[in-house]
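Everything on this sheet refers to the single structure shown next.
Read-outs throughout are calculated quantities, based only on the coordinates presented, and are distinct from any laboratory measurement. The model shown is predicted, which means the values in this text are computed figures rather than measured ones. Please note: Cβ atoms are built from the backbone with ideal geometry, for glycine as well, and neighbour counts cover all protein chains shown.
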């Protein structure tokens, strides 16, 4: 790389040669090419499809929200609403669904989808699916005048059919008056209860009540734990 | 007398290589790998909190969450049931720790893993739920 030139003054000085310059330029070009390739790969690798993830997270949030299309309360889905859910309901409640391929699965079963999802981003949410089952309770009020509902419920149907000579004036739920008629209750009444406490119904009456004179219908919630999976594919 | 001279082109190529590789390395290391676990874990934690807040209590109180934090004795009584309940709510590959004013249940939180956290204020103090992948 270094050639020694004899100079007229007798001093020999090293001088850069043309081949060295050529080699240097080639090396630098190669390194530049490699560097650009590395940077390109790094940027491509950092592409995290933010749209898919954002859409999936938003739709999942919407579906489990208390005021969402499926939920009865926050993270508690109503079974009958889940059964009614379809593609048009999905697109109406989650507008991005008409633009992206979105699939909603509950308990490994697809309940709605818009478009075909091949791969895509998944967001799972933990929910409880609640179905309401009506039950009837026929309390024996011959010796006591109070009955406790075995399950918490938001409403109950109290049917009072007193025998002649017996008058039921007032029905209290945990000391709160829910039904009252001075001349006697007779018939079927809807009462709303507080679902956050155990309810004791107390009947204020004069005379005897036999088993069967009073029936109480209430909603017993049946809940199962499931996973709601939202998959979005661009 | 011989005098050696540093070949300038080689100095240049060395400096240039260092400069370009430095810039390229900045791109390669400066862009962090996307953390795709944390949003999902946060969702799991907040779902667990919402489900506990919606569960009916086993004994007294308005909700399961309130029952747990109402007193130290209630927490001691409910400790195992709470642990079982949260383990059933969460998927099998997710571990958890629930911290309440009266104590904590679950696995001790490890260092250096992605975690999801949800904090629920209650009338008796905050309940923090921490989840992470096993």
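Okay, here's what the table says:
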quantity	calculated
Residue-span extension gain [residue B:87 to residue B:21] - 0.36 nm each, minus C-alpha spacing	18.8 nm
Prolate/oblate/rounded call for chain A, Cα gyration tensor, a/c under 1.5 rounded	prolate
Cα long-axis angle, helix A:18-45 against chain A (0 to 90 degrees, to the nearest 10)	0 degrees
Shape category assigned to the range A:139-211 from the gyration tensor of Cα positions, a/c cut at 1.5	prolate
Highest-first arrangement of B:7-14, B:101-108, where packing means the average Cβ count within 10 Å	B:7-14, B:101-108
Partner chain coverage, peptide A:123-136 - average Cβ within 10 angstrom	3
FRET efficiency, residue A:198 to residue B:128 (Cβ-Cβ, R0 30 Å, nearest 0.05)	0.55
Residues in the range A:212-229 that a label on residue A:148 would reach, taking backbone N under 19 Å of a point 7 Å out along Cα→Cβ	A:216-221
Cβ neighbours within 10 Å from other chains - mean over A:58-68	1
Spacing of the two label points (7 Å from each Cα toward its C-beta) at residue A:138 and residue A:215, in nm	0.7 nm
Label-point separation in nm, residue B:11 to residue A:225, each point 7 Å along Cα→Cβ	7.1 nm
Anisotropy class of the range B:9-134 from Cα gyration tensor, a/c 1.5 cut	prolate
Principal-axis tilt of helix B:37-54 within chain B, Cα atoms, nearest 10 degrees	10 degrees
For peptides B:79-88, B:44-53, sequence by mean Cβ density within 10 Å, most packed first	B:44-53, B:79-88
0 to 90° range, to nearest 10: angle between helix B:8-30 axis and chain B longest Cα axis	10 degrees
